[in-house]
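The values are calculated or read from the model by the stated rules, or taken from the named source; none is laboratory data. If you're wondering where the values come from, they're calculated on a predicted model, not measured in any experiment. As a convention, Cβ positions derive from the backbone with ideal geometry for all residues, glycine included, and neighbour counts pool all protein chains shown.
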Amino acid sequence: MSTNLTAGYLIGLLKDLPSDTPLLVRGYEDGVDYVTSIEAVKVHLFQNDEWYYGQHQPSPDGLCEGVMLCGEHVKNPNNETSK
């Protein structure tokens, strides 16, 4: 997808999925992680040019409000691998 995703567009995509469909985000280097939280954020737009930083910088006085989907690596409680 090459467009900026909005809440309304995301709701439209999600409304037809089963309610127990997991939400996922890219892992740090490879794979995917579960979305574990969402956060309302304020950001300054286009603050970072380096490829390894996100383009926008969170800041309490940011002029743009958004929602950040957060994921983290969560250890498999049974230490099992499913294939």
**Residue, modelled with the lowest pLDDT, within the stretch 1-44, restricted to residues that are exposed (fewer than 10 other Cβ atoms within 10 Å of the Cβ) and of a type in the set (Val, Ile, Thr)** = THR3
**Prompt:** Which residues, counting only those in the stretch 19-68, are of a type in the set (S, T, N, Q) and in a strand (DSSP E or B)?
**Reply:** THR36, SER37, GLN57
**Request:** Can you run down the residue pairs with Cβ atoms below 6 Å, 6 or more apart or on separate chains, where the first is in the stretch 7-22 and over 15 Å from LEU69 (Cα atoms) and the partner is of a type in the set (A, V, I, L, M)?
**Result:** none
**Request:** Identify the residue in the stretch 56-73 that is closer than 17 Å to ASN4 by Cβ and in contact with an Asp or Glu (Cβ under 8 Å, 6 or more places away or on another chain) and, among all such residues, is surrounded by the most Cβ atoms within 10 Å (Cβ to Cβ).
**Result:** MET68
